[in-house]
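Have a look at the structure below, then the notes.
No value in this document is a laboratory result; all are computed from the given coordinates. These numbers were taken from a predicted model, which means no experiment stands behind them. Neighbour counts run over all protein chains shown; Cβ positions are idealised from the backbone, glycine included.
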Amino acid sequence: MYLLDHIVHFVDKPEQLVEETKKIGLYTVNGGKHGMWGTYNSLSYFGLSYIEFIGIFDDELFEKSALEPFTLHESYKKRNRKNGFTRIALRTTSIEADAQKLKDAGLVVHGPETFSRTRPDGSVLKWKLLHFGNENQEIEFPFLIQWEGSDSDRYDELVKKGTIGEHPLGNLKIEEVSYVVKSLKNIEEWAALFDFDLDINETYIKLKTANCVIGFYKNIDDKNLNQINEVIISGSKEQKEIELEGAYYKFIL
């Protein structure tokens, strides 16, 4: 089973998002540094799914990491470091088997590789990443992540550390990640790879994971084609739309 793990939102200074999102009614905390990539983050959790506000602290390290195919760093560089939503990650518990399945499907696969970062309290977080795609893809696939330990243990630990907290705006949930695309032609490939249920009509395809919808909406006139257009968050005490460093969030009841 594949779940939405997190949404990557590049920003100038992740630490500033802690206060900026507080004004919106979100609970956000400082994360830590990825020493191997030259990036650092702050995090806003919705259950075990989260938004990662990520920025760069070392250009040389970042440029090196951006040479790796199908990574979010490569994606960000290709967009001329334009801030906003960049990629999504799906959580898995079978990343080694996933790598073989994706290779068998004819995709170029890198990994899985093991990574870690040090939290502000000095504890070390470990995970595995798998990046994949093909050279001529119009829409970038998610990357896969497998965390060390069980979901329940990780959730309890994050609550205990104060990384997960209550949002003043309500009991919030990431309801949908919405893309605007030129064509719906290749979207069903996503569904086949990850065993997602489909909701299809002439103007959209919605892929239904166990914890979120990934929606693809056809609109050839949109200036941000084949990218994430907005994130819809449900459970809000009030309906509103927010633009935040190049990204659009819609809060619904």
Subject >> Spatially proximal lysines relative to K101 (Cα-Cα < 18 Å; intrachain offsets below 8 disregarded) >> reply: K128
Original post:
If you add up the charges near D195, with Lys and Arg at +1 and Asp and Glu at -1, over every other residue whose beta carbon is less than 13 angstrom from its beta carbon, what do you get?
Top reply: -2
Subject >> Potential lengthening between Q16 and S116 on full extension [0.36 nm per residue; Cα-Cα distance subtracted] >> reply: 33.7 nm
**OP:** Using the structure shown, select from K77/K208; K33/K161; K22/K161; K22/K173; K78/K182 the pairs with a Cα to Cα distance greater than 21 angstrom.
**Re:** K77/K208
**OP:** First measure r as the distance between the Cβ atoms of K237 and Q100, then evaluate 1/(1 + (r/R0)^6) with R0 = 51 Å and state the FRET efficiency to the nearest 0.05.
**Re:** 0.65
Original post:
Check V180: other-chain or 5+ apart residues with amide H under 5 Å from its amide H, H built from backbone geometry?
Top reply: Y217, N226, Q227, N229
Original post:
If the chain between K78 and F57 were fully stretched, how many nm would it gain, using 0.36 nm times the residue separation less the Cα-Cα distance?
Top reply: 5.7 nm
Subject >> Of (1) 66, 37, 35; (2) 44, 40, 36; (3) 77, 45, 31, the label for Cα extents along the principal axes in Å derived from the coordinates >> reply: (2)
Original post:
Between rounded, prolate and oblate, where does region 1-47 land on the alpha carbon gyration tensor, with a ≥ b ≥ c its root eigenvalues, rounded for a/c under 1.5, else prolate if a/b exceeds b/c?
Top reply: oblate
Original post:
Hey, in the GNM for the chain with a 10 angstrom Cα cutoff, which one of T203, T163, T39 fluctuates hardest?
Top reply: T203
